[in-house]
Ligand SMILES: NC(=O)c1ccc[n+]([C@@H]2O[C@H](COP(=O)([O-])OP(=O)(O)OC[C@H]3O[C@@H](n4cnc5c(N)ncnc54)[C@H](O)[C@@H]3O)[C@@H](O)[C@H]2O)c1
């Protein structure tokens, strides 16, 4: 699908991968609405790229519904959803403090998995009302998974489960929404230079970065955004998860 004047929603757009994706979509001429729980940083990005800023906790059903309504009022029903909301998590299952609190896991699943399902169902409902484009499409939904869905480290069982759920829903969702002309695709980043990663590793030339086969550095959010733009434009990409990791297998 071409992006010129298309209505597009990017979540998690106040920071990192989502912010850069919003910049790229605006650059391609899309009418962008940006969503994030961090209202202040969201406003700054929105002003930078001329997008509609919609502060929202996307794991909440009513709030997410209201946010998509606002996006629809600003730009028309979205043909593109890029869901970048998520957060990392690394904590032992068992430590001297006792077992990992179950609420830790619950909150992580709310942010990484439930928000993904929530935005998918709401965006698909909107997309289904649209006319098909010249490529026969009504819309595209792109999720952010993680290589940790496949090969997470010790301490990442909770994070891996939250991202594994995202990976698992992509094929059945693409099968179900395909007849409506809606594609569903996941991107699984390796290690990208964003605040999420810098919270655990500040050193850009660290052993962690050098463990990536090539290039020996963290990914640039622009490289994620470039792939998202390609996936939107290439109608054959559907029902799959694309790893973007420099060959990293952790
Ligand atoms: N950076 C990496 O190396 C990496 C690797 C693999 C996967 N990912 C995934 O990529 C996605 C983006 O990560 P990032 O590195 O850009 O992180 P980031 O922290 O820079 O951005 C995430 C954004 O999501 C927002 N957010 C969190 N919870 C929210 C909620 N409930 N409602 C609305 N907004 C909310 C935050 O305010 C933040 O602006 C995440 O899903 C993350 O798990 C990142």
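Computed from the coordinates by the stated procedures, all read-outs in this text should not be read as laboratory data. As the structure is a prediction and not an experimental result, all values here were calculated from the model. Every residue, glycine as well, gets a Cβ built from its backbone with ideal geometry; the counts of neighbours run over all protein chains shown.
Mind sorting 245, 2 by how few other Cβ atoms lie within 10 Å of their own Cβ, fewest first?
Listed from fewest to most nearby Cβ atoms, that is 2, 245.
What distance in nm separates the simple spin-label points at residue 171 and residue 210, each placed 7 Å from Cα in the Cβ direction?
Label-label distance for residue 171 and residue 210, simple model: 3.9 nm.
Provide 109, 34, 9, 231 in ascending order of the number of other Cβ atoms located within 10 Å of each residue's Cβ, fewest first. Don't jump to the answer; show the numbers that get you there.
Numbers: 109 17, 34 29, 9 34, 231 22.
Listing 109, 34, 9, 231 from fewest to most nearby Cβ atoms yields 109, 231, 34, 9.
Determine, for 162, 211, 134, 15, the number of other Cβ atoms within 10 Å of each Cβ, and report the residues in order from fewest to most.
134, 211, 15, 162
In deg cm²/dmol, rounded to 500, what helix-only [θ] at 222 nm does the chain give when every DSSP H run of at least 4 residues adds -39500 (n - 2.57) and the total is split over its residues? Show your work: numbers first, answer last.
On the way: 10 runs with 105 residues, N = 250.
Calculated at 222 nm, the ellipticity per residue is -12500 deg cm²/dmol.
Give me the angle, in degrees from 0 to 90, between the Cα long axis of helix 115-127 and the longest principal axis of the Cα atoms of the chain, rounded to the nearest 10.
For helix 115-127, the angle is close to 10 degrees.
Restricting to the range 7-244, what percent of DSSP beta bridges are antiparallel, rounded to 5? All intermediate terms of the calculation are to be shown ahead of the outcome.
Working: 2 of 30 bridges.
Roughly 5 percent of the beta bridges in the range 7-244 run antiparallel, per DSSP.
Have a look at 48, 176, 137 and tell me which one the Gaussian network model of the chain (Cα, springs below 10 Å) gives the largest fluctuation.
48
Mind pulling the angle between the C-alpha long axis of helix 16-27 and the longest principal axis of the chain? Nearest 10 degrees, somewhere in 0 to 90.
20 degrees
Would you calculate the separation in nanometres between label points at residue 199 and residue 39, each defined as 7 Å from the Cα along the Cα-to-beta-carbon direction?
Computed distance between label sites residue 199 and residue 39 equals 2.2 nm.
Give the angle, between 0 and 90 degrees and rounded to the nearest 10, that separates the Cα long axis of helix 39-49 from the longest principal axis of the Cα atoms of the chain.
Helix 39-49 sits roughly 50 degrees off the main axis of the chain.
Could you work out how far the C-alpha centroid of the range 112-186 sits from that of the range 207-250, in angstrom?
17 Å
Top mean-square fluctuation among 207, 121, 79, Gaussian network model of the chain, C-alpha springs under 10 Å?
207
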